[in-house]
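Scroll down for the structure; my scribbles are underneath it.
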Amino acid sequence: MTSSSPEIFTATSAYSLAGVAAIAVVATTGAKVLLPKNARWQDSFTFIWLAFDALIHFSFEGSFLYLSTFGRTVNSSVGPFAELWKEYTRADARWGVSDPTVVSLEILTVLGAAPMCCYIIRQIVKDDPARHYWIIVLSTAELYGGWMTFCPEWLTGSPSLDTSNPLYLWVYLVFMNVIWVVIPLWLMWDSYGHISGSLRRAQAIKKVKKN
């Protein structure tokens, strides 16, 4: 009698992805409520991303941090969030065993990046141009976090990663991580344009006054 192959897309998979989608809806609704109708699309997109980013960090990654500190591990825990993270460990086993590098990065993410997202959102609502500096700081931190999450694994031959099926590879490992690369890079480019443009205009005005 042959054993059946393990189920790939489970109820936990569906609940997890639905939770991510619900957070995206909340972030989009927040932008519609708090931003003026004539807001630049770039600012609306940035608001939505930062709200999504903060909610993911506080809820999903905050739960991981709780389950992975003070002697706890995801694999030895029970409850809805434990099941969610056990689902992710099918693609990356490090998240189930309180890997010190991953936990260290998540401490910075939950306690540092998430509050910074909220601060920048407040600046967007107030139309404070100083937000562009903090967007670059946050984006740099997000990119560094992604690099340090995966580079040590790649250098050791990726023993913890399971890319054996499309769900693990393209959804859990690629999509759920690449968006924290592509969007921060775009945010840095957009904010760099604002900062450099303002400095160049100020420099031009200063030269005109000297003449």
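Ignoring ligands, DNA and RNA, what percent of the 1.4 Å accessible area of the stretch 11-209 is carbon and sulfur? Mind showing how you got there, number by number?
Values: 7650 of 10810 Å².
Of the solvent-accessible surface of the stretch 11-209, carbon and sulfur hold 71 percent.
Of Leu187, Leu169, Pro159, which is farthest towards the positive pole of the stretch 159-211's charge dipole, taken about the Cα centre with +1 and -1 on the beta-carbons of Lys, Arg and Asp, Glu respectively?
With unit charges placed on the Cβ atoms, the residue in question is Leu187.
For the stretch 19-117, what value does the Rg/Rh ratio take when both radii are computed over Cα atoms and Rh is the Kirkwood radius, given to two decimals?
Details: Rg = 15.6 Å, Rh = 14.6 Å.
Using only Cα positions, Rg/Rh for the stretch 19-117 is 1.07.
Compute the distance in nm between two label points, each set 7 Å from the Cα along the Cα-to-Cβ direction, one at Lys126 and one at Lys32.
Going by the 7 Å Cα→Cβ label model, 2.7 nm.
Just to check I understand the Karplus step: with θ = phi - 60° and J = 6.51 cos²θ - 1.76 cosθ + 1.60, what whole-Hz values come out for the stretch 143-160, glycine and proline as x?
Each residue of the stretch 143-160 in turn: 5, 5, x, x, 4, 6, 6, 10, 4, x, 5, 5, 5, 9, x, 6, x, 8 Hz.
Highest mean first, what order results for 120-129, 94-103 on Cβ atoms within 10 Å? Can you show the working numbers first?
Details: 120-129: 16.1, 94-103: 18.2.
In decreasing order of mean packing, 120-129, 94-103 become 94-103, 120-129.
Separation between the Val181 and Trp134 pseudo-spin-labels, each 7 Å from Cα along Cα→Cβ, expressed in nm?
Result for the modelled spin labels: 2.8 nm.
Top to bottom by accessible area (1.4 Å), largest first, where do Ile23, Ile136, Ile107 land?
On the way: Ile23 20, Ile136 45, Ile107 70 Å².
Listed by decreasing accessible area, they come as Ile107, Ile136, Ile23.
In Å and from the alpha-carbon atoms only, list the Rg and Dmax of the chain.
Taking only Cα atoms of the chain, I get Rg and Dmax of 20.3, 91 Å.
Whole angstrom only: what separates the Cα centroid of the stretch 51-126 from the Cα centroid of the stretch 168-208?
Taking the Cα centre of each part, the stretch 51-126 and the stretch 168-208 sit 24 Å apart.
Go through 195-208, 158-171, 45-58 and give me the packing order, highest mean Cβ count within 10 Å leading.
Values: 195-208: 10.4, 158-171: 14.4, 45-58: 21.8.
Highest-to-lowest ranking by the protection proxy: 45-58, 158-171, 195-208.
Excluding ligands, DNA and RNA, what is the solvent-accessible area per residue of the stretch 46-116 at a probe of 1.4 Å, expressed in Å²? It would help to have the intermediate numbers written out before the result.
Details: 2890 Å² over 71 residues.
With the other protein chains kept in place, the stretch 46-116 gives 41 Å² per residue.
For the chain, what does the relative contact order come out to in percent, with C-alpha contacts under 8 Å and a separation of six or more? Before the final figure, lay out each step's value.
Working: 172 pairs, mean separation 41.7, N = 211.
Reported relative contact order: 20 percent.
Give, in nm to one decimal, the length gained when the segment between Ala11 and Thr163 is fully stretched (0.36 nm per residue of separation minus the Cα-Cα distance). Provide the component values of the computation, followed by the final result.
Details: separation 152, 0.36 × 152 = 54.72 nm, distance 2.00 nm.
Working it through step by step, the gained length comes to 52.7 nm.
Relative to the first principal axis of the alpha-carbon coordinates of the chain, what is the inclination of helix 114-125, with its axis defined by its Cα atoms, in degrees from 0 to 90 and to the nearest 10?
It is inclined by approximately 40 degrees.
The values are calculated or read from the model by the stated rules, or taken from the named source; none is laboratory data. Just so it is clear, the model here is predicted, and its values are computed rather than measured. Cβ atoms come from the backbone with ideal geometry, glycine included; neighbour counts cover every protein chain shown. Each accessible area value is taken on the protein alone, full model and side chains, heavy atoms only, with ligands, DNA and RNA left out. Shrake-Rupley method; radii C 1.70, N 1.55, O 1.52, S 1.80 Å.
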